[in-house]
Amino acid sequence: MRNRLHSLCPYFAMFPEEFARQHIEKLTSEGDYVFDPFSGRGTTLFQALLMNRRAIAIDINPVAYCISSAKAEAPTAESVINELKKLEKKCKAFPYDSLEEERRGLPPFFRRAFYATTLRDILFLRQVLDWRHNPLHRFIAALALGSLHGEMDKSSSYFSNQMPRTISTKPRYSLNYWRRNGLWPRKRNVFDILRARAEFRLKGNVVPIKGHVVLEDARNAASAFPRHQNKVKVIITSPPYFDVTSYEEDQWLRLWFLGHKPR
């Protein structure tokens, strides 16, 4: 059975885990180190862990780091759900005016992309999730990234108005599309969706082996992993598409959720 964490978050230009599995099986043995210098959504890293290999990865993109590291240190469903309960309680007690002021100050895209109460919950999580340092918060952030945008006509598990699930369409294009088709965002309960996603992804699917992911330029891999010199058995990766696409543009909305600018 395919491990559900492989699909934690849709990602542009991802290769199938079967590709990674075949090469890990052919080129390594249990306990060997597998390295991915452009981790993306962590397919190589996570497949290696499933096959009882030790795995390390690096990526300069915060979205890629968040998703990959969430898989590398996957928590239990119970711990995620308990933390979501605490966050939801905190959200209800959070000053309404501050979130509403922030919501109104965002560009027009956001008010057409998300229902008002849904956006306030997203803004709250954006403020309080310590995804850089807290593995549990990082997993919740990765769940949120996977539900941040998608096809609302196909699933109620996405927070946004109609959008692709793999890339974030540009604000002007999105607004024109929604207006032309008379599309408005539907009310979504962010915490209910995240709880359901956590149960679906983690029930019976926790991997006991942990990996290690670093948010850094791949050219600095040697200094990022000083204790792994001469230990890596194989590198399996999909290098960046030079001059073909911009991951920063394609993932701009997910980058915003992780603290970047709202454009």
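The values are calculated or read from the model by the stated rules, or taken from the named source; none is laboratory data. Only a predicted model underlies this, so the values are computations on that prediction, with no experimental measurement involved. Cβ sites come from the backbone with ideal geometry, for glycine too, and all protein chains shown count toward neighbours. Each accessible area value is taken on the protein alone, full model and side chains, heavy atoms only, with ligands, DNA and RNA left out. Shrake-Rupley method; radii C 1.70, N 1.55, O 1.52, S 1.80 Å.
Using the charge dipole of the chain (Lys, Arg: +1 at Cβ; Asp, Glu: -1 at Cβ; taken about the Cα centre), state which of 118, 256, 24 has its Cα farthest towards the positive end. Positive-most Cα among the choices belongs to 118. Rounded to the nearest 20 debye, the dipole magnitude of the stretch 33-155 is 60 debye, with +1 charges on Lys and Arg beta carbons, -1 on Asp and Glu beta carbons, and the Cα centre as origin.
Taking 8 Å as the Cα distance limit and 6 or more residues as the minimum spacing, I'd like the relative contact order of the chain as a percentage. Please report the intermediate quantities before stating the final value.
On the way: 425 pairs, mean separation 80.2, N = 263.
Taking the mean separation of contacting Cα pairs over the length of the chain, I get 30 percent.
Residue separation of residue 242 and residue 151 scaled by 0.36 nm, minus their Cα-Cα distance, works out to 29.9 nm of gained length.
Taking amide H atoms as placed 1.01 Å from N in the peptide plane, the amide H of residue 150 lies under 5 Å from those of 160, 163, each 5 or more residues away in sequence or on another chain.
If each of residue 111 and residue 76 carries a label point 7 Å out from its Cα toward its Cβ, how far apart are those two points in nm? The answer from the label model is 4.5 nm.
Which of the peptides 216-228, 24-36 is most tightly packed, and how do the rest follow, judged by the mean count of other Cβ atoms within 10 Å per residue?
On the way: 216-228: 13.2, 24-36: 16.7.
My ranking of the peptides, most packed first, is 24-36, 216-228.
Accessible surface for residue 252 stands near 10 Å², nearest 10, in the context of the full protein assembly shown (1.4 Å probe). In a reduced charge model with +1 at each Lys and Arg Cβ and -1 at each Asp and Glu Cβ, the stretch 139-216 shows a dipole moment near 240 debye about its Cα centre. Per-residue ellipticity at 222 nm computed for the chain from its helices equals -14000 deg cm²/dmol, with DSSP H segments shorter than 4 residues left out and the rest contributing -39,500 (n - 2.57).
Pairs with C-alpha atoms separated by more than 28 Å, drawn from the list 170/203; 85/170; 187/210; 85/203; 90/187, are 170/203; 85/170; 187/210.
Counting only heavy atoms of protein chains, what accessible area per residue, in Å², does the chain have with a probe of 1.4 Å? Write down the numbers at each step before the final one.
Values: 12860 Å² over 263 residues.
I get 49 Å² per residue for this part.
The label point for residue 235 and the one for residue 166, both projected 7 Å from the Cα toward the Cβ, are 2.5 nm apart. Projecting the Cα atoms of 127, 109, 164 onto the charge dipole of the stretch 90-167, computed from C-beta unit charges around the Cα centre, puts 164 farthest toward the positive end.
Could you compute the FRET efficiency for residue 180 and residue 19, with r as their C-beta to C-beta distance and R0 at 35 Å, rounded to 0.05?
On the way: r = 39 Å, r/R0 = 1.10.
Efficiency at R0 = 35 Å is approximately 0.35.
Let me know the charge dipole size of the chain about its Cα centre in debye, to the nearest 20, where only the beta-carbon of Lys, Arg (+1) and Asp, Glu (-1) is charged.
Values: 42 positive and 27 negative charges, 141 e Å.
Approximately 680 debye in magnitude.
In the list [x] 1, 5, 11, 15, 19, 19, 15, 9, 3, 1, 0, 0; [y] 1, 5, 11, 13, 13, 10, 9, 8, 7, 6, 5, 4, 3, 2, 2, 1, 0, 0; [z] 1, 6, 13, 17, 18, 16, 12, 8, 5, 2, 1, 0, the label attached to P(r) over Cα pairs in 5 Å bins from 0, in percent as derived from the coordinates here is [z].
Within the stretch 49-88, find all residues whose amide N lies under 17 Å from a label point positioned 7 Å from the Cα of residue 128 along Cα-to-beta-carbon. Only 79-88 pass the distance filter.
Ordering 61, 95, 237 by the projection of their Cα atoms onto the charge dipole of the chain, which places +1 on the Cβ of Lys and Arg and -1 on the Cβ of Asp and Glu, puts 95 at the extreme positive end.
A cut-off of 5 Å between modelled amide H atoms, ignoring neighbours fewer than 5 places along the same chain, links residue 214 with 57, 58, 59. Taking 0.36 nm per residue of separation and subtracting the current Cα-Cα distance, fully stretching the chain between residue 200 and residue 261 would add 18.8 nm.
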